[in-house]
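Undergrad: Quick one: the structure is below, questions incoming.
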Amino acid sequence: MKILKGGVGRYNLPQIIMKKSFKFLLTAFTILAIVGCNGKQDTNKIYKVGTTAEYPPFEYLDNGKIVGYDVDVIEEISKKTGIKYEWQDMNFDGLIAALQTKKIDIVIAGISSTPEREKVVNFSIPYHEAKTAFLMNKDNPMTMDNLEGKKFGVDLGTTNETTARSIKGANVVAFSSTGGTLIALKNKKVDCLIIDETVAEEYIKNNPELAVFGYGPGEGKSIAFNKDDEKLRDDFDKALEELEKDGTLKKLQEKYKI
């Protein structure tokens, strides 16, 4: 066997070793850089957060600004994840479609995870749970025993609409505007509303002619994401777990009395 002395071709062995070592380090650095970038969300991107600002105390307008419990939750999550965001106020029944077509990146609107919704979008872990309330006009008293054949006002595309349609003989009127639903009850165009307990309490504060006459089961409220954004969902889950553990969510719930 012939022993090579002094080099291979026009490179000697030390040069080859040094070159290969440099290429290895460069590749390793590139991989680490990619992993590092993927380890957190793009802090230069402005994420569009969709909501329906007609649902106090979760989200509502105050002097033209969207405020509420959900708004504060997103702000606290942004501190944990480093994301920048802007709000997109739209009708509730259009939120999921906008998320699917990537017109928005995130949905938080007192929304609940359901098997049907889970087929098309991803959901975070729940960040709040609220009972469903049956709200009536005191001039048109109702009980939970006489729901059959009554006219129910609900927000279009909500789980409350699904609940109303499951009631025997129910006449369901679905509104694209939560404000429209409330006006219908006040004007006795419908017999009752099915709505979150906390929202019902807010309505009663400003409309003493209304009252709750019954409750349904509780529902967990979650944040929704496009199916492609699993990393974003996972980061939000981690942030929510930390906010639950450090007591931040509890403080926000106390702030909004929910």
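Every number in this text was worked out from the coordinates using simple rules, so none of it is lab data. Source: prediction; values computed, not measured. Here the Cβ is made from the backbone with ideal geometry for all residues, glycine too, and neighbour counts use every protein chain on show.
Undergrad: Sort 201-210, 223-232, 186-195 for me by packing, meaning the mean count of neighbouring Cβ atoms within 10 Å per residue, highest on top.
TA: 186-195, 223-232, 201-210
Undergrad: Please list 237-248, 125-136 highest first by mean number of surrounding beta-carbon atoms within 10 Å per residue.
TA: 125-136, 237-248
Undergrad: Please compute the modelled spin-label separation between Glu86 and Lys189, points set 7 Å along Cα→Cβ, answer in nm with one decimal.
TA: Result for the modelled spin labels: 3.3 nm.
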